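The values are calculated or read from the model by the stated rules, or taken from the named source; none is laboratory data. Bear in mind the structure is a predicted one, so any value in this text is a computation, not a measurement. Positions of Cβ are backbone-derived with ideal geometry, glycine not excepted, and every protein chain shown enters the neighbour counts. Side chains included, ligands, DNA and RNA excluded: accessible areas come from the protein's heavy atoms. Shrake-Rupley method; radii C 1.70, N 1.55, O 1.52, S 1.80 Å.
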Amino acid sequence: MPPTQTSPPGARRSAVFSLRTRVGLVVCLFAVMAVTGVGVVAGYLAEQDVDVRVGEGLATVAQLLAERTQAQLNVHLEQVRMLAELERQGLMPEGLEARRVLLEALQHGTPDFAWVGFLDASGVVRYSTGGLLVGALVSERPAFREGRRGTYLGDAHEAVRLASLLKSTEGPLRLLDVAVPVHAADGTLKGVMAAHITWDWGRALKRALADTAGAGLEVRLLRRDGALLSEPPTGTEAFRQAVLPAPLERHVQQGGWAEATWQDGRAYLTGIAPLRATGTTPTLGWTVLVLQPAEVAFQPAVAVRERLTLLGLLAGVLLAVVGWALAGRVTRPLKDISAAAERLRAGEFDVRLPHAERGDEIGALSASLEALLRTLEAREAELRRALAVREDFLTVAAHELRTPLTALSLQLSSLKRQAAAAGVGEQFAMSLQRATRQVKRLGQLSEAVLDTSSIESGKLELALEPLEVGDFTRELLERMRNASPGADLRLETCASARGSFDRRQLEQLLTQLVLNAIKYGRGKPVTVRVEATAMEARISVRDEGIGMRPEDQERVFGRYERASSSRHYGGFGLGLYIAQAAAQAHGGRILVESEPGHGSCFTVALPLRAPQQQRA
């Protein structure tokens with residue numbers, strides 16, 4: 001029997017999602033998305049244009065209605081001012097009865113006035129329309145209390161006492177207050193000319209404003225205290241606290257327009273205009289709101305967007321059919337090359353790419369890919385051999401350097417003791433010190449090479465033991481202070497951080513960070529802070545030195561990388577690389593915050609419960 005033919009990896013996927021299918025789908029999706037996107041953008045722009053035009057129109061209507069409302073208030077206020085001026089100049093008719101008749105004549109000509117009267121300086125009513133409240137002390141009423149200080153307009157309120165006298169039959173009597181002070185020639189207060197405007201004026205005003213605004217628009221009045229004036233079917237006015245949508249609140253004082261969803265759950269475009277005082281004339285502080293449902297305002301834009309979206313779908317389908325036909329001709333040989341590539345990806349390196357003999361672009365592509373694959377195979381093998389040789393050499397070299405360096409270090413230590421005992425010159429002692437530093441530097445380089453080799457080969461192993469990070473850090477800083485007497489190292493311990501760590505790796509990690517802070521800190525204090533959460537220990541090392549640019553903050557953790565020139569600061573460029581590897585071996589990470597000229601802060605975050613053994 002012939003051997004069973006197995007399908008190459010990815011064959012089923014290619015049968016269902018062939019290149020032809022994908023090209024067709026891409027063309028279809030691109031066409032649909034492009035044309036639909038045009039429709040959506042056009043619709044959005046149309047909505048924005050309608051939004052602005054309708055919103056500005058509503059704001060203009062609201063402003064006109066606010067001006068009309070304030071103008072009507074000004075008319076009533078000027079009438080009361082005229083009476084006050086007559087009283088001030090002594091031009092009122094003689095006798096209280098004659099003055100009452102004058103006030104009633106004004107009331108007859110202006111039915112909006114429910115009551116007009118004059119209050120003396122003590123707050124007693126001297127004469128009034130209908131003789132109502134004459135002799136009554138009303139000094140505690142806002143009309144007198146505020147009116148004696150200056151021209152006063154009081155918002156609508158319920159008047160129980162006057163309601164009983166006027167025999168109001170339309171529910172609670174609500175009045176607006178108008179008051180103007182009357183002063184004698186010497187400036188002393190003679191009294192207050194006061195009037196109450198019936199809320200029938202308010203109802204008529206609202207109906208007039210609604211008629212002026214036009215069909216499809218709703219007019220609402222908002223009082224200074226946030227109460228909304230509404231008119232129930234019974235015809236009696238009710239005041240209820242309004243909950244303004246957030247987008248409208250910032251426009252209440254200055255006016256304007258905004259789109260917002262009201263308490264009924266519907267979205268409205270709302271024009272807003274506050275009543276504004278003119279000159280010395282006060283205002284009630286009302287705000288006029290003109291509302292139009294958003295679906296009405298946006299209806300033309302929605303229709304345009306829907307038509308454009310439909311056209312986009314039709315165009316996408318047409319282009320998809322054309323793309324499907326063309327994709328079949330183009331993708332057939334590519335499908336063969338793709339199948340061979342899938343086999344190569346699965347590890348069958350003896351596969352040869354098909355269609356290399358063709359003389360067109362497909363053949364050139366296949367031949368080029370074939371040559372590229374063979375070249376890459378050869379270079380990969382060569383690279384692996386070179387890397388293995390390099391790692392072996394570095395490991396052997398580092399180990400071989402340890403023995404002579406250790407012996408040389410011991411010889412230098414012996415020479416230093418002998419020199420100190422013999423009292424040799426300062427020049428010789430300094431030479432010994434320089435030699436000791438160089439040997440120490442070579443030792444650090446050897447250790448760095450060994451650690452780098454272990455990291456690269458995946459052989460960095462942890463010997464975990466219980467450690468208290470705060471105590472460990474304190475002991476390490478003490479040793480570093482002794483080794484670097486000029487360094488100002490400070491420790492802040494905020495909480496106990498006890499966990500499992502590799503002592504040597506943790507010491508090397510913190511030493512690298514502190515040495516970096518000393519090196520680049522320009523002689524300023526270096527602060528080490530130890531904190532702990534329930535899950536991890538955090539050790540931050542902050543200096544006040546030269547800092548680094550944002551683009552260098554990732555790069556400094558690479559091998560042989562430095563944020564500053566080695567000419568000025570020296571070093572091998574391996575310290576942060578090794579520190580990062582040690583943190584990652586513990587399952588942690590190192591974060592850096594820095595700004596040029598303002599120092600750097602490296603924060604090590606290590607889990608308190610590390611695995612028993614983990615490889616970098």
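Couple of notes before you dig in:
- When residues of the range 132-146 are limited to those that are open to solvent by less than 40 Å² (accessible area, probe 1.4 Å) and of a type in the set (Gly, Ala, Ser), the one nearest to LEU175 (Cα to Cα): ALA143
- Residue in the range 164-173 that is open to solvent by less than 10 Å² (accessible area, probe 1.4 Å) and either in contact with a strand residue (DSSP E or B) (Cβ under 9 Å, 6 or more places away or on another chain) or at pLDDT below 75 (or both) present: no
- One residue stands out among those in the range 147-160 that are crowded, with 19+ Cβ neighbours inside 10 Å and not small (Gly, Ala, Ser): the one that is farthest from LEU222 (Cα to Cα), which is ARG148.
- The residue that is modelled with the lowest pLDDT, counting only those in the range 49-83 that are charged (D, E, K, R) and open to solvent by 30 Å² or more (accessible area, probe 1.4 Å), is ASP49.
- Restricting the range 101-131 to residues that are part of a loop (DSSP other than H, G, I, E, B) and at pLDDT 90 or above, the residue that is surrounded by the fewest Cβ atoms within 10 Å (Cβ to Cβ) is SER122.
- Among the residues of the range 329-347, some residue qualifies, meaning at least one is hydroxyl-bearing (Ser, Thr, Tyr), in a helix (DSSP H, G or I) and either open to solvent by 40 Å² or more (accessible area, probe 1.4 Å) or at pLDDT 70 or above (or both).
- Residue count for the range 208-241 under the criterion of being within 22 Å of LEU64 (Cβ to Cβ) and either at pLDDT 75 or above or among the aliphatic types (A, V, I, L, M) (or both): the result is 17.
- Residue identified as at pLDDT below 85 and either polar (S, T, N, Q) or crowded, with 17+ Cβ neighbours inside 10 Å (or both) among SER565, SER594, SER540, SER600: SER565
- Of the residues making up the range 543-562, those that are modelled with pLDDT of 85 or more and buried (at least 17 other Cβ atoms within 10 Å of the Cβ) are ASP543, GLU544, GLY545, ILE546, GLY547, MET548.
- Of the residues making up the range 445-464, those that are of a type in the set (Gly, Ala, Ser) and either open to solvent by 40 Å² or more (accessible area, probe 1.4 Å) or modelled with pLDDT of 90 or more (or both) are SER457, ALA463.
- One residue from ARG68, ARG81 being farther than 30 Å from GLY271 by Cα and basic (Lys, Arg): ARG81
- Qualifying residue in the range 413-430 (condition: farther than 28 Å from HIS586 by Cα and either modelled with pLDDT of 85 or more or surrounded by 18 or more Cβ atoms within 10 Å (Cβ to Cβ) (or both)): no
- When each of LEU467, LEU509, LEU476 is tested for being touching a residue at least 60 places away in the same chain (Cβ under 8 Å) and surrounded by 18 or more Cβ atoms within 10 Å (Cβ to Cβ), the lone residue that passes is LEU509.
- Counting only residues that are surrounded by fewer than 20 Cβ atoms within 10 Å (Cβ to Cβ) and under 19 Å from HIS157 (Cβ atoms), the range 184-200 holds 1 of them.
- Matching residues in the range 84-96 - criterion: being open to solvent by 30 Å² or more (accessible area, probe 1.4 Å), free of Cβ contacts under 8 Å to residues at least 24 places away in the same chain and at negative phi: GLU85, LEU86, GLN89, LEU91, PRO93, GLU94
- Contact map, the range 190-219: first residue in a helix (DSSP H, G or I), second residue of a type in the set (Gly, Ala, Ser) and open to solvent by 20 Å² or more (accessible area, probe 1.4 Å), Cβ cut-off under 9 Å, separation 6 or more or different chains; pairs are ARG203/GLY235.
- Remark: pairs (first residue in the range 366-382, closer than 18 Å to GLU342 by Cβ; second residue open to solvent by 60 Å² or more (accessible area, probe 1.4 Å); Cβ separation under 7 Å; 6+ apart in sequence or on different chains) = GLU370/ARG352; GLU377/PHE349.
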